[in-house]
1. Could you please find all residues in the stretch 58-95 being without any contact (Cβ under 8 Å) to a residue 24 or more places away in the chain and either touching a helix residue (DSSP H, G or I) at 6+ places or on another chain (Cβ under 8 Å) or more than 28 Å from residue 265 (Cβ to Cβ) (or both)?
2. Among the residues of the stretch 245-278 satisfying the criterion of being small (Gly, Ala, Ser) and at pLDDT below 75, which is farthest from residue 108 (Cα to Cα)?
3. Residue check, residue 174 against (1) under 22 Å from residue 119 (Cα atoms); (2) open to solvent by less than 30 Å² (accessible area, probe 1.4 Å), all met but one. Which one?
4. Hey, could you check the stretch 84-100 for residues that are surrounded by fewer than 17 Cβ atoms within 10 Å (Cβ to Cβ) and small (Gly, Ala, Ser) and say which is farthest from the chain's Cα centre (by Cα)?
5. Can you name every one of the helices (runs of 4 or more DSSP H) wholly within the stretch 1-116 that holds 1 or more residues which are modelled with pLDDT of 75 or more and basic (Lys, Arg)?
6. Could you say whether any residue in the stretch 201-214 is part of a helix (DSSP H, G or I) and surrounded by fewer than 19 Cβ atoms within 10 Å (Cβ to Cβ)?
7. So in the stretch 160-174, with the set limited to residues that are closer than 12 Å to residue 128 by Cβ and in a helix (DSSP H, G or I), which one is farthest from the chain's Cα centre (by Cα)?
Amino acid sequence: YYREIEPGGFFDTVGWVTLPRLSTAWEKSASEMDKEFQHEFLNTSKTFLHDRLGLAGDQPLLTTKGEELSKSIQETQKKLGLDQVVACPGKDYYRNVSIHADNSLWKLWREHVVPSQLFKKGEDRLMLVGKETFRYDLRGSGKRDSMTLDDVIAIAPYMNRVIYVGDVPDWMVRRLNNTLNTYSTHNLIPDYVLAGSMEAFQTVENYQLYTHEEDLPAIVEKLEKYNFQDFQNSFVGKRDTIYWLDYVMSAFRCDELFDNKYSIVPYFYDPSELEEEATDGVLSSEDMGENDEHQGG
């Protein structure tokens, strides 16, 4: 038998799976095999875990190694400045509610984040990205409903580049949006979300179209079918993690106890370092402040 424990995307689904070996599968019928495959989701509430492990309610769940790991994580977060407060939103915004709801993360992104961080007045710009691009809700905590740097990174942790696709004709953008959302038009959130001002009828000839790097292949594939040829596909110097961070720090300012400035500048905030592809997104010893004592002859 083969047994494995698998965490879900946010450790929200954890379970044990038991699979029979191939030799066992050959020996048994289909009805018998139904009994051989076993799985069990593990409820990760503290009450349930205490019960399953036979522990009293006041007994700690932490093991010695687990406690050491938690301490190491907290120390690393502190050293990187991930625990510093950067914004106070005042309300929460969720990924999985209707895109038209006032507490929708996507509505916030479409109507405020993109226009303020990526668009310029007087220019006809649109941005189209897949709905899976953001990984977590925008949520504050505590009395001041504050967000740490770590909370912001959780929304968009992958440092996706913003790509300028090109000046795309109005009809192509409309057809692209409709085609990519063929099966999700009436969903709470379409498969691809469009930001920018686009009237029900044509008002301009072309739009400057932007997307995230991870969504570029799907968009290019569709546009090529429409015989679009003027691709730019150029990086504009912005990344989703950073434009979210810049937005919340300017839009959700905290009270006088916080000055909305970094006590420790994020290690990823240096554009020159992010553009070094060999180390893109990789934390170096220099970032951790461990290089000073080793420099020299």
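1. 58, 59, 60, 61, 62, 63, 64, 65, 66, 67, 68
2. Of all residues in the stretch 245-278, those small (Gly, Ala, Ser) come to 250-251, 263, 272, 278.
Narrowing the set further to residues that are at pLDDT below 75 leaves 272, 278.
Values: 272: 29, 278: 34 Å.
Filtering first and then ranking leaves 278.
3. (2)
4. 90
5. Values: elements: 22-27, 30-36, 46-53, 64-80, 105-108.
Result: 46-53, 64-80, 105-108.
6. yes
7. Out of the qualifying residues, it is 172.
For (1) within 24 Å of residue 217 (Cβ to Cβ); (2) touching a His at 6+ places or on another chain (Cβ under 7 Å); (3) open to solvent by 80 Å² or more (accessible area, probe 1.4 Å), each residue gets a yes or a no:
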{"position": "71", "(1), (2), (3)": "no, no, yes"}
{"position": "82", "(1), (2), (3)": "no, no, no"}
{"position": "102", "(1), (2), (3)": "no, no, yes"}
{"position": "115", "(1), (2), (3)": "no, no, no"}
{"position": "122", "(1), (2), (3)": "no, no, yes"}
{"position": "140", "(1), (2), (3)": "no, no, no"}
{"position": "146", "(1), (2), (3)": "no, no, no"}
{"position": "181", "(1), (2), (3)": "yes, no, no"}
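The values are calculated or read from the model by the stated rules, or taken from the named source; none is laboratory data. All of these numbers come straight from a predicted model, not from anything done at the bench. Heads up, the Cβs are rebuilt from the backbone with ideal geometry, glycines too, and the neighbour counts pull from every protein chain shown. When the accessible area is computed, the model is the full protein with side chains, heavy atoms only, and any ligands, DNA or RNA have been set aside. Shrake-Rupley method; radii C 1.70, N 1.55, O 1.52, S 1.80 Å.
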